[in-house]
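Here the structure comes first, spelled out in structure tokens, and everything after it is commentary.
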Number of protein chains: 2
Amino acid sequence: MRIAELSRRSGTSIPTIKYYLREGLLPPGTSTGRNQAEYDERHLGRLRLIRALREVGGLSVAATRQVLATLDEPVRSTHELMGHAHQAVIRPLTGSRSSDTDDPAWRSARQEAGRWITSLGWRVHPDNPALDRLADVLLALHRVERTDLIAGLPQYAATALTLAEQEVPTARDAGDPAAVMAAVVTGTVLGEALLTTLRLLAHEHVSATLAGYTPAQGPGCEPPAGDPGEGTPPRR
Amino acid sequence: MRIAELSRRSGTSIPTIKYYLREGLLPPGTSTGRNQAEYDERHLGRLRLIRALREVGGLSVAATRQVLATLDEPVRSTHELMGHAHQAVIRPLTGSRSSDTDDPAWRSARQEAGRWITSLGWRVHPDNPALDRLADVLLALHRVERTDLIAGLPQYAATALTLAEQEVPTARDAGDPAAVMAAVVTGTVLGEALLTTLRLLAHEHVSATLAGYTPAQGPGCEPPAGDPGEGTPPRR
């Protein structure tokens, strides 16, 4: 296909495609004349992956190039491939805060995190940055005396596992390596956004239910009589 | 209690307590002499709430004062009280990105979000900012062609509801209004951090399991034979 069709089908503008070609993020097409080249499905797949990494994962061009380079290395296992894609987006997701690794309280929380994951029987590499993040969270929970949430960790873990058991096979089955990577990136980042947003909405719903509100009329359902918002139509 | 004990029990330094007193975040103690005052359990509860709002919720002093003011208003329902606490932390959580509300594609996604929540029978006020965030996520999923994740929304919603049904009653039962607010703030923010971190760890575990790794030895469990990291001890 020509660059115009590649642009249309990938949802990426022609100047951006040319920029990716110059930067080496996209391999050149097959030359078919002066200033003309043909592109194929692999270019399309690569562009979709770049879009997932850049727009969804928030990766820089340099970081994107680094992730793409792993696709051009000798064939690896799908597990390793997924690990690279996961690694690319896990640091932005777990936040920029640097754990105070010299603080004895943090080191203790880090050991607690390790013990928890061990007790769950999870196969997690000790370099996974989410383990440090888990230590940050445990330390914060101790500091604000929410030990009840720490005690509730097995339930959160069971919930997380149920989600992962659905999400990971979907990504594995996405197709060629570029498609698997794109699925890991979009599924990890957007799946998290979906889950956390729905949790916030569920909080309001459960609180309203416990407060004895009348049956739901959906969003736009107004507070009960006496509340200032009564009777006003949904604001969209 | 004297300010020294208040400092020790609340984990807040004396200069910070004096700053909160000057800024009106904390009501004055009972004067017991020149430059001496007695504080009680309400001061302690208020300080714990301020800490939750400032350190966990990331609120400014001005925003914290605004939230605290709702505690001094005439008695409201627990639902309304929880709504105020939730509102205080929901904007930082749902991100600073402003939705492009003029974009017809966004407006369509916003309607889709409303329809989804209606179809779930959830009682959610149309002003809940998480509805706009849900529209952002749905739009992003459409753009990267992850309609499979949109189809999986009921499962994410069921998961979110199960969590909320555990989390909301815990916050309601926390005690006095200040304690309820503190529980909503810490539970909303830290519960999300706990859930999303465990989900990332579960991803690695499920991927390793599908790749046929040998039974877990916990974090520190090394990749299988042939991988560069083989045999090295866990790095802590």
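The values are calculated or read from the model by the stated rules, or taken from the named source; none is laboratory data. The shown structure was predicted, so the numbers you read here are calculated from the model rather than taken from an experiment. Ideal geometry is used to build each Cβ from the backbone, glycine not excepted, and the neighbour counts take in all protein chains shown.
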(Q) Take B:Ser60 and tell me if it is under 30 Å from A:Gly58 (Cα atoms) and modelled with pLDDT of 85 or more. (A) yes
**Q.** Counted residues, segment B:189-213 - those being more than 7 Å from chain A (Cβ to nearest Cβ) and in contact (Cβ under 8 Å) with a residue 24 or more places away in the chain
**A.** 1
Q. Is there any pair linking a residue in segment B:37-65 that is within 14 Å of chain A (Cβ to nearest Cβ) to one that is among the charged types (D, E, K, R), with Cβ under 7 Å and at least six apart or on different chains, and which?
A. B:Leu44/B:Arg9; B:Gly45/B:Asp176
Q. Taking segment B:141-155 only, how many residues are among the hydroxyl-bearing types (Ser, Thr, Tyr) and more than 29 Å from A:Arg46 (Cβ to Cβ)?
A. 0
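Among the residues of segment A:173-187, which ones are under 30 Å from B:Val89 (Cα atoms) and more than 7 Å from every other protein chain (Cβ to nearest Cβ)?
Matches in segment A:173-187: A:Val184, A:Val185.
Within 25 Å of A:Ala182 (Cα to Cα) and either modelled with pLDDT of 90 or more or within 19 Å of the chain's Cα centre (by Cα) (or both): does that describe B:Glu112? Even if it seems obvious, please write down each step before you answer.
Details: within 25 Å of A:Ala182 (Cα to Cα): yes; either modelled with pLDDT of 90 or more or within 19 Å of the chain's Cα centre (by Cα) (or both): yes.
Criteria met by B:Glu112.
Name the residue, out of A:Asp148, A:Asp136, that is among the acidic types (Asp, Glu) and either more than 7 Å from chain B (Cβ to nearest Cβ) or assigned to a loop (DSSP other than H, G, I, E, B) (or both). Outline the logic, then answer.
Details: A:Asp148 fails: either more than 7 Å from chain B (Cβ to nearest Cβ) or assigned to a loop (DSSP other than H, G, I, E, B) (or both).
None of the others qualify; the one that does is A:Asp136.
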Q. Can A:Leu163 be described as facing chain B (nearest Cβ under 7 Å) and within 30 Å of A:Ser10 (Cβ to Cβ)?
A. yes
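Could you identify the single residue in B:Ala178, B:Ala208, B:Ala182 that is modelled with pLDDT under 95 and surrounded by 24 or more Cβ atoms within 10 Å (Cβ to Cβ)?
Testing whether each residue is modelled with pLDDT under 95 and surrounded by 24 or more Cβ atoms within 10 Å (Cβ to Cβ) leaves just B:Ala182.
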Q.
Which of the numbered conditions does B:Ala158 fail, given that it passes all the others? Conditions: (1) modelled with pLDDT of 95 or more; (2) at the interface with another protein chain (Cβ under 7 Å from one of its Cβ atoms).
A. (2)
Q. Looking only at segment A:115-124, which residues are at the interface with chain B (Cβ under 7 Å from one of its Cβ atoms) and either among the aliphatic types (A, V, I, L, M) or crowded, with 20+ Cβ neighbours inside 10 Å (or both)?
A. A:Ile117, A:Trp122, A:Arg123, A:Val124
Q: Keeping to segment A:150-183, report how many residues are in contact with a Ser or Thr (Cβ under 9 Å, 6 or more places away or on another chain) and over 17 Å from B:Thr159 (Cα atoms).
A: 6
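The rows are residues; the columns are (1) of a type in the set (S, T, N, Q); (2) surrounded by fewer than 21 Cβ atoms within 10 Å (Cβ to Cβ); (3) out of contact with any strand residue (DSSP E or B) (no Cβ under 7 Å at 6 or more places or on another chain).
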| residue | (1), (2), (3) |
| --- | --- |
| A:Ser60 | yes, yes, yes |
| A:Ala69 | no, yes, yes |
| A:Ser77 | yes, yes, yes |
| A:Leu93 | no, yes, yes |
| A:Asp100 | no, yes, yes |
| A:Ala109 | no, no, yes |
Q. Here are some residues: B:Thr70, B:Thr64, B:Thr30, B:Thr78. Which one is over 20 Å from B:Val189 (Cβ atoms) and β-branched (Val, Ile, Thr)?
A. B:Thr30
(Q) For segment A:31-84, which positions are among the charged types (D, E, K, R), out of contact with any Ser or Thr (no Cβ under 9 Å at 6 or more places or on another chain) and over 23 Å from A:Gly11 (Cα atoms)? (A) A:Arg34, A:Asp72, A:Glu73
